[in-house]
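Student: Let me begin by handing over the structure; questions about it come next.
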Amino acid sequence: QVQLVESGGGLVQAGGSLRLSCAASGRTFSSYTMGWFRQAPGKEREFVAIISWRRGLTYYADSVKGRFSISRDNAKNTVYLQMNSLKPEDTADYYCAASRRSTPYQQDEYDYWGQGTQVTVSS
């Protein structure tokens with residue numbers, strides 16, 4: 001069983017930065033691929049970024065590539081999402097999730113989800 005708690009969301013102006021954190025419980029955190037998803041008001045939840053458990057490989061949605069960076073600290077059971085050059089269209093609830101698969105892009109490939117943290121980017 002893995003429990004995930006996100007933090008770090010808030011209100012920021014366009015062009016600004018935020019760092020989201022996702023703290024995980026459980027001793028097997030390092031064996032999970034971790035992902036970030038987001039859901040904007042009135043839209044479907046979408047993939048943002050993942051970091052694999054085995055070699056720490058990272059993958060990003062085209063919409064955030066070059067602006068967002070995902071990382072993990074297995075000693076702290078935490079995964080991060082550094083978000084730079086934020087745009088109003090990045091406004092959404094951000095969720096972290098854990099999967100036993102190596103490169104899970106789809107929501108149904110994830111085993112555990114956090115409750116989400118809200119990010120609002122003003123223009």
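The values are calculated or read from the model by the stated rules, or taken from the named source; none is laboratory data. Fair warning: this is a prediction, and the values are worked out from it, not measured in the lab. No Cβ is skipped: glycine too gets one built from the backbone with ideal geometry, and neighbour counts run over all protein chains shown. The accessibility values were calculated without ligands, DNA or RNA, using every heavy atom of the protein model including side chains. Shrake-Rupley method; radii C 1.70, N 1.55, O 1.52, S 1.80 Å.
Student: Residues of segment 107-119 being surrounded by fewer than 16 Cβ atoms within 10 Å (Cβ to Cβ) and either closer than 17 Å to Val79 by Cα or in contact (Cβ under 8 Å) with a residue 40 or more places away in the chain (or both), which ones?
Tutor: Asp111, Gln115, Gln118
Student: Also, I was wondering about something else. Among the candidates Glu6, Glu89, single out the residue that is acidic (Asp, Glu), in a strand (DSSP E or B) and either modelled with pLDDT of 95 or more or open to solvent by 30 Å² or more (accessible area, probe 1.4 Å) (or both).
Tutor: Details: Glu89 fails: in a strand (DSSP E or B).
One residue alone meets the criteria, Glu6.
Student: Pick from Lys76, Lys65, Lys43: which is outside any strand (DSSP E or B), basic (Lys, Arg) and closer than 22 Å to Gln118 by Cβ? Talk me through it step by step, then tell me what you get.
Tutor: Details: Lys76 fails: closer than 22 Å to Gln118 by Cβ; Lys65 fails: closer than 22 Å to Gln118 by Cβ.
Of Lys76, Lys65, Lys43, the one residue that is outside any strand (DSSP E or B), basic (Lys, Arg) and closer than 22 Å to Gln118 by Cβ is Lys43.
Student: May I ask you to list pairs of residues, at least six apart or on different chains, whose Cβ atoms are under 6 Å apart, with the first in segment 53-67 being at pLDDT below 95 and the second being in a loop (DSSP other than H, G, I, E, B) and open to solvent by less than 80 Å² (accessible area, probe 1.4 Å)?
Tutor: Filtered contacts from segment 53-67: Trp53/Tyr32.
Student: Separate question: Residues in segment 95-105: is at least one open to solvent by less than 60 Å² (accessible area, probe 1.4 Å) and free of Cβ contacts under 8 Å to residues at least 60 places away in the same chain? Steps first, answer last, please.
Tutor: Kept after step one, since they are open to solvent by less than 60 Å² (accessible area, probe 1.4 Å), are these residues of segment 95-105: 95-99, 103-104.
Still in the running and free of Cβ contacts under 8 Å to residues at least 60 places away in the same chain: none.
Checking segment 95-105: not a single residue is open to solvent by less than 60 Å² (accessible area, probe 1.4 Å) and free of Cβ contacts under 8 Å to residues at least 60 places away in the same chain.
Student: Please state which one of Gln1, Gln13 is loosely packed, with under 14 Cβ neighbours inside 10 Å and in contact with a strand residue (DSSP E or B) (Cβ under 6 Å, 6 or more places away or on another chain). Walk me through how you get there before you give the answer.
Tutor: On the way: Gln1 fails: in contact with a strand residue (DSSP E or B) (Cβ under 6 Å, 6 or more places away or on another chain).
On inspection, the qualifying residue turns out to be Gln13.
Student: Hey, could you check segment 20-39 for residues that are part of a strand (DSSP E or B) and open to solvent by 10 Å² or more (accessible area, probe 1.4 Å) and say which is farthest from Ser102 (Cα to Cα)? Break it down into steps so the answer makes sense when it comes.
Tutor: In the first step, residues of segment 20-39 are kept if they are part of a strand (DSSP E or B); the result is 20-24, 33-39.
The next check asks that each one be open to solvent by 10 Å² or more (accessible area, probe 1.4 Å); those that pass are 21, 23-24, 38-39.
Details: Ser21: 21, Ala23: 20, Ala24: 18, Arg38: 20, Gln39: 23 Å.
Across segment 20-39, the extreme among qualifying residues is Gln39.
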